[in-house]
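The values are calculated or read from the model by the stated rules, or taken from the named source; none is laboratory data. On a predicted model such as this, the values are computed, not experimentally measured, just so you know. Cβ placement follows ideal geometry from the backbone for every residue including glycine, while neighbour counts extend to all protein chains displayed.
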Amino acid sequence: MSPQPSLAIIGFGAFGQLAARHLRDHLRLCICDPSIRANDLPQVELTQAATCDIVLIAVPLAQLEQVLMGIAPHLRPGATVVDVTSVKIHPAQLMQRILPAHVQIVASHPLFGPESARDGLAGQRIAWCPLRGRGHRRLAAFLRWLGLQVVFTTPDQHDREMAMVQGLTHLIARSLGQLGPLPQRLTTASFRHVALAAGMVQADSPELLQTILTDNPHASPMRRRFLEIAAALADDQPGSASAE
């Protein structure tokens, strides 16, 4: 790699823009997104983006396979491909199947977004699932230098934990949102924390919500268990749903 590696961000939505803001001073950065035109960063076609040292794919899960097919023939030996989708089992399988053997692969999930990282990256966490090659070590060290906490895990373990961490958070937040305006005058400290959490995810895209609730294979069993326990508590029968 050159002293300042080249990085292509494919997909310039909310997270792609957040990544660019924090990485543009440290890497030779270009972006690839046909829907974006007004931007001061170099904008390239997909085939050119694939020739960079690091290719960061920040598109919705539904578009991931198409992007991987598009870049696969153009990736250079030793390049590193990183995805940032909110689930990891399916993207990991796609990348390992589609991308050529000479490419290094990391499945990642930044556990933050524009709202939670508005004051900076320091202390924020990123789930890190190395799948192929050793380039992930250098990237992980760079992310730590930026202030991130790099949490090594596997795609399956990630999805198991995210079934609760994200799946239930978004389920509760969206449910509260549909109840109507939340009370603001007579509130407890615990309710204010819940309302704050709900507000942080209300702006997330429908594609992200679908990914979290339906594309994580561990989300549905977790959701069923949660609803069964909630129903048992509401019926004043604590413990009945946990006997399974």
Considering each residue of segment 109-129, count those that are closer than 16 Å to residue 15 by Cα and either assigned to a loop (DSSP other than H, G, I, E, B) or polar (S, T, N, Q) (or both), and give that number. 12
Please count how many residues of segment 136-152 are in contact (Cβ under 8 Å) with a residue 60 or more places away in the chain and either over 17 Å from residue 27 (Cα atoms) or of a type in the set (Phe, Trp, Tyr) (or both). 1
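Got a number for residues in segment 162-195 being more than 17 Å from residue 214 (Cβ to Cβ) and surrounded by fewer than 15 Cβ atoms within 10 Å (Cβ to Cβ)? Outline the logic, then answer.
Pass one, segment 162-195, residues more than 17 Å from residue 214 (Cβ to Cβ): 176-195.
Then keep just the ones that are surrounded by fewer than 15 Cβ atoms within 10 Å (Cβ to Cβ); that gives 177-193.
Total satisfying the criteria: 17.
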In the list 104, 124, which residue meets the criterion of being in the same structural domain as residue 73 (by TED's automatic domain parsing), free of Cβ contacts under 8 Å to residues at least 60 places away in the same chain and within 17 Å of residue 18 (Cα to Cα)? 124
Pairs please, first residue from segment 61-74 and farther than 21 Å from residue 101 by Cβ and assigned by TED's automatic domain parsing to the domain that holds residue 91, second anywhere and part of a helix (DSSP H, G or I) and not acidic (Asp, Glu), Cβ atoms under 8 Å, 6+ apart in sequence or on different chains. 61/90; 61/91; 61/211
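Out of 132, 118, 144, report the one residue that is among the charged types (D, E, K, R) and either within 23 Å of residue 89 (Cα to Cα) or touching a Pro at 6+ places or on another chain (Cβ under 9 Å) (or both). Explain how you work it out, then say what you get.
Working: 118 fails: either within 23 Å of residue 89 (Cα to Cα) or touching a Pro at 6+ places or on another chain (Cβ under 9 Å) (or both); 144 fails: either within 23 Å of residue 89 (Cα to Cα) or touching a Pro at 6+ places or on another chain (Cβ under 9 Å) (or both).
After applying the criteria, what remains is 132.
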The conditions are (1) among the aliphatic types (A, V, I, L, M); (2) modelled with pLDDT of 85 or more; (3) farther than 25 Å from residue 91 by Cα; (4) touching a helix residue (DSSP H, G or I) at 6+ places or on another chain (Cβ under 9 Å), and residue 163 fails exactly one of them. Which is it? (3)
Within segment 81-107, can you find the residues that are surrounded by 24 or more Cβ atoms within 10 Å (Cβ to Cβ) and small (Gly, Ala, Ser)? 86, 107
Spot the failing condition for residue 144; the list is (1) in the same structural domain as residue 87 (by TED's automatic domain parsing); (2) not in a helix (DSSP H, G or I), and only one is missed. (2)
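Rundown of residues vs (1) more than 21 Å from residue 207 (Cβ to Cβ); (2) assigned by TED's automatic domain parsing to the domain that holds residue 77; (3) in a helix (DSSP H, G or I), yes/no style:
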position	(1), (2), (3)
131	yes, yes, no
137	yes, yes, yes
150	yes, yes, no
160	yes, no, yes
174	no, no, yes
177	no, no, yes
180	yes, no, no
183	yes, no, no
187	yes, no, no
Single condition residue 121 does not satisfy, out of (1) modelled with pLDDT of 95 or more; (2) touching a Gly at 6+ places or on another chain (Cβ under 9 Å); (3) within 23 Å of residue 6 (Cβ to Cβ): (1)
Failed condition for residue 217, given (1) modelled with pLDDT of 85 or more; (2) outside the structural domain of residue 111 (by TED's automatic domain parsing); (3) not in a loop (DSSP other than H, G, I, E, B): (3)
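Looking only at segment 138-164, how many residues end up being over 20 Å from residue 117 (Cα atoms) and either touching a strand residue (DSSP E or B) at 6+ places or on another chain (Cβ under 7 Å) or of a type in the set (A, V, I, L, M) (or both)?
If we filter segment 138-164 for residues that are over 20 Å from residue 117 (Cα atoms), which is where we start, we get 138, 152-161, 163-164.
Imposing the further condition that a residue be either touching a strand residue (DSSP E or B) at 6+ places or on another chain (Cβ under 7 Å) or of a type in the set (A, V, I, L, M) (or both) reduces the set to 152-155, 158, 163-164.
Selection size over segment 138-164: 7.
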